[in-house]
Structures are given as structure tokens and as C-alpha cells.
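Student: Before I ask anything, let me first share the structure, which is written out below as C-alpha cells.
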Amino acid sequence: DFGSEEGTANFGLKEFASKNYYFTDLSKNYMRNLEVLCEANCWCAPGFAAFNDDEMSPRTQANRGCYEMNFDQSDARARKHCSRVGSESMFVQGSLVSIHDQQKEFFVYSIASGYGYAAQYWIALTNNGTAWNWDDNSTSPFAEWADGQPDTKDGQLRCAYAARAIGFNVKWSAGDCREKHDFACETSPCSVEYLCVPCPGCSF
């Protein structure tokens with residue numbers, strides 16, 4: 001929203017904004033206003049939950065991505081679904097969720113637990129016969145394996161899933177890739193740098 005130099009606000013532009021997505025500024029620092037608009041233009045497609053860990057910039061609603069919870073699929077089908085997710089009106093490309101810190105772990109679990117107390121969900125961590133590797137090639141040392149895990153049972157269990165342990169703790173276990181678990185897809189937020197393509201009539 002903008003106002004005159006005399007301090008009289010012009011509320012016309014406010015009517016075009018989504019609820020709570022407007023601001024009033026009488027300064028002439030137009031470059032800063034542009035930065036604000038670019039930050040505000042960071043949102044998630046319908047059906048996705050926004051992850052924001054920047055308390056100093058609440059305008060950036062999804063600075064750590066957007067997440068969608070799905071149900072009962074094998075690891076392979078979960079990955080296929082996440083590669084092309086969306087709704088009847090929006091298409092985005094994503095991936096099975098990777099977890100490299102406690103804050104993201106808790107966020108993803110909070111979404112999963114909303115659909116069931118004992119939620120178990122695939123994560124993008126697989127064993128190639130010698131080592132466990134993240135799909136995004138991360139070398140993060142963060143790991144939350146349960147006691148006695150990871151146990152591949154001589155190579156039979158090569159996909160990892162997360163599950164609630166004691167309290168709000170989450171622990172990982174090796175699982176049969178053919179088993180069906182819930183899963184979360186993650187994608188970049190829609191923004192001026194990442195286009196979310198309108199896709200009316202699409203079927204996912």
C-alpha cells in the first residue's frame with residue numbers, strides 16, 4: 001500500500017492484495033520496496049505446507065521449501081509421485097524429503113503426525129550395498145537411527161523410513177523398499193525465481 005507525501009494513505013492497492021499481504025510505506029526507498037515484494041512473492045502451491053525458519057523475516061513464508069504429505073506407497077512409487085506433484089490448478093516438480101537437521105525433522109514429523117499418531121514415512125535415504133546415501137548427495141552428518149539401526153538384513157532392507165519414538169522424538173530404520181509407508185514430497189517455493197506452472201485439468 002502507498003500513500004501521498006502528506007501522509008494520506010491510498011488504500012486502493014490494498015484491495016488487490018491477499019489478506020495480510022500488504023504494507024504501507026511513505027518512504028522513497030523504492031529498491032527496498034522491491035526487495036520486500038520479492039520476499040513476499042515466496043509461497044507454496046495449494047495443498048503444501050510452508051517451512052519458514054527465519055524469525056527475522058516472517059514475510060518469507062517458505063524460505064526452506066514446501067511440503068506435501070501422501071499415503072501408503074512403496075519407496076519407488078513415492079519417488080515417482082514426488083517428481084511431479086500438484087493439484088488441479090498447479091504443477092510443481094519435487095522430490096522425496098531429505099532431512100539434515102533437527103528443525104526440519106520436527107517440521108516434517110509435525111505434518112506426518114497430523115494424519116496419524118504412529119506415522120511412518122519414507123525419507124530420501126537409500127543403501128547402495130556399501131553405504132547410505134541421500135538423493136540430494138548431501139554429506140550432512142545428521143542422523144537419527146533407532147537402536148540397532150541401520151540393519152539392512154544382508155542387503156534386503158535398503159530404503160529408510162522415519163517413525164515416532166518416545167515423546168516427540170523421531171527415529172529412522174531400514175525398511176523393505178516394497179513396503180508401503182506414508183511419505184512427504186518437498187519442493188522449492190513458488191517465487192520470481194521458481195515458476196509454478198498453472199495446469200488446469202491436470203491429473204496427479
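The values are calculated or read from the model by the stated rules, or taken from the named source; none is laboratory data. Values in this document were obtained by computation on a predicted structure and should not be read as measured data. Here the Cβ positions follow ideal geometry from the backbone for every residue, glycine too, while neighbour counts run over all protein chains shown.
Student: Of everything in the stretch 143-165, what is farther than 20 Å from Arg79 by Cβ and assigned to a loop (DSSP other than H, G, I, E, B)? Give them in sequence order. Quick ask: steps written out before the conclusion?
Tutor: Filtering the stretch 143-165 for residues farther than 20 Å from Arg79 by Cβ gives 143-149, 151, 153-154, 164-165.
Result: Ala143, Glu144, Ala146, Asp147, Gly148, Gln149, Asp151, Lys153, Asp154, Ala165.
Student: Sticking with this structure for a sec: Condition first: at pLDDT below 95 and under 20 Å from Phe168 (Cβ atoms). Can you find one or more residues in the stretch 120-129 that meet it?
Tutor: Within the stretch 120-129, one or more residues are at pLDDT below 95 and under 20 Å from Phe168 (Cβ atoms).
Student: For the stretch 143-172, give me the residue count where each residue is surrounded by 17 or more Cβ atoms within 10 Å (Cβ to Cβ) and of a type in the set (Gly, Ala, Ser).
Tutor: Result for the stretch 143-172: 3.
Student: Here's another thing I want to ask about it. May I ask you to list the residues in the stretch 116-142 that are surrounded by 10 or more Cβ atoms within 10 Å (Cβ to Cβ) and farther than 22 Å from Ser74 by Cα?
Tutor: Ser138, Ser140, Phe142
Student: Got at least one residue in the stretch 100-111 being of a type in the set (Val, Ile, Thr), surrounded by fewer than 17 Cβ atoms within 10 Å (Cβ to Cβ) and modelled with pLDDT under 95?
Tutor: Among the residues of the stretch 100-111, not one is of a type in the set (Val, Ile, Thr), surrounded by fewer than 17 Cβ atoms within 10 Å (Cβ to Cβ) and modelled with pLDDT under 95, which makes the answer no.
Student: Here's another thing I want to ask about it. Any idea how many residues of the stretch 174-194 are hydroxyl-bearing (Ser, Thr, Tyr), without any contact (Cβ under 8 Å) to a residue 60 or more places away in the chain and crowded, with 18+ Cβ neighbours inside 10 Å?
Tutor: As a first pass, look at the stretch 174-194 and keep what is hydroxyl-bearing (Ser, Thr, Tyr): 187-188, 191, 194.
Those left that are additionally without any contact (Cβ under 8 Å) to a residue 60 or more places away in the chain: 194.
From the residues that got through so far, the ones that are crowded, with 18+ Cβ neighbours inside 10 Å too are none.
Selection size over the stretch 174-194: 0.
Student: Now for a separate question. Could you please tell me which pairs satisfy a Cβ distance under 7 Å, a separation of 6+ or placement on different chains, a first residue in the stretch 63-79 that is at positive phi, and a second residue that is at pLDDT 95 or above and surrounded by fewer than 19 Cβ atoms within 10 Å (Cβ to Cβ)?
Tutor: If the second residue must be at pLDDT 95 or above and surrounded by fewer than 19 Cβ atoms within 10 Å (Cβ to Cβ), the pairs left are Asp72/Lys180.
Student: OK, next. List every residue pair whose Cβ atoms lie under 6 Å apart, where the two residues are 6 or more positions apart in sequence or sit on different chains, the first residue falls within the stretch 38-57 and is assigned to a loop (DSSP other than H, G, I, E, B) and at pLDDT 70 or above, and the second residue, located anywhere, is buried (at least 16 other Cβ atoms within 10 Å of the Cβ) and charged (D, E, K, R).
Tutor: These pairs meet every condition: Gly47/Glu68; Phe48/Glu68; Phe51/Arg64; Asp53/Arg64.
Student: Starting from the stretch 135-163, take each residue that is under 16 Å from Phe106 (Cα atoms) and list its partners that are in a loop (DSSP other than H, G, I, E, B) and of a type in the set (D, E, K, R), counting only C-beta distances under 6 angstrom and pairs at least six apart or across chains.
Tutor: Filtered contacts from the stretch 135-163: Phe142/Asp101.
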